[in-house]
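These notes are about the structure you will find just below.
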Amino acid sequence: MKIRKALPEDAMGVAKVQVDSWRTTYKGIVSEDFLRQLSYEKRKSVIEKAITEKITYVAEEDGEIIGFISGGKKRLEQYEGYDGELYAIYLLQQYQKRGIGKELVNMLAKDFLKMGFKGMIVLVLEENPSKYFYESLGGVRIGKEITMIGKQRLHSFVYGWKNLSVLL
């Protein structure tokens, strides 16, 4: 398994990971209609932009992208003292719980520190069991937000790390 900076030509591989991960992770949380209408092609264009404009790493095994992380400057005005945001992290289901997610977060935290960021937030759907992953990394629940996915209003917890060095 190898982690590296994402390249523009990785966009389709990242899109496949995101769509497939959404379908397994959010089954029973996000509407089936919304999950069914997700497509690799639609996500690819969004991912291409993320790769060029945000910090994005991929995890690959045998040349196949199995996961990714993307982050950058915090998008929400509230949560003072936090300047970075983990926008997305997804791993194919069969590669979860192997420490790959922790390695991806570590890479993002290193880049944030180089950029002068001190803290980081992430939003995670309240019903998403991945919230325990963030707690295991020392994330503290600092807020709650409404997240719109399709026409659904869902609650998201905001987890924060005031000191990024704890993630290294």
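Bear in mind that the values in this text are calculations on the coordinates, not laboratory data. No experiment lies behind these values; they were computed from the predicted model shown. Every residue, glycine among them, receives a Cβ derived from its backbone with ideal geometry; neighbour counts consider all protein chains shown.
Simple rule: put +1 on each Lys or Arg Cβ and -1 on each Asp or Glu Cβ in segment 1-76, find the dipole, and look at S70, Y40, M12; the Cα lying farthest toward the positive end is S70.
Compute the Cα gyration tensor for segment 70-168, then decide on rounded, prolate or oblate, letting a ≥ b ≥ c be the square roots of its eigenvalues: rounded whenever a/c is under 1.5, prolate when a/b is larger than b/c in the other cases, and oblate in all that remain.
Values: a/c = 1.74, a/b = 1.11, b/c = 1.57.
It is oblate, given that a/c is not under 1.5 and a/b is not larger than b/c.
In this rough spin-label picture, where each label sits 7 Å from Cα along the Cβ direction, the R23-H155 distance is 3.0 nm.
Here the scattering of the chain is modelled by Debye summation over its C-alpha atoms, one equal scatterer each and no solvent; at q = 0.09, 0.12 Å⁻¹ the log10 of I(q)/I(0) is -0.28, -0.51.
Rounded to the nearest 20, the size of the Cβ-charge dipole of the chain about its Cα centre is 240 debye, with Lys and Arg at +1 and Asp and Glu at -1.
Here, segment 121-168 has an Rg and a Dmax of 11.6, 38 Å when only alpha carbons are counted. Taking each DSSP H run with n ≥ 4 as -39500 (n - 2.57) and averaging over every residue of the chain yields -10000 deg cm²/dmol at 222 nm. Pairs from the table (K49/K73; K42/K102; K114/K144; K97/K151) lying more than 25 angstrom apart at Cα are K42/K102; K114/K144; K97/K151.
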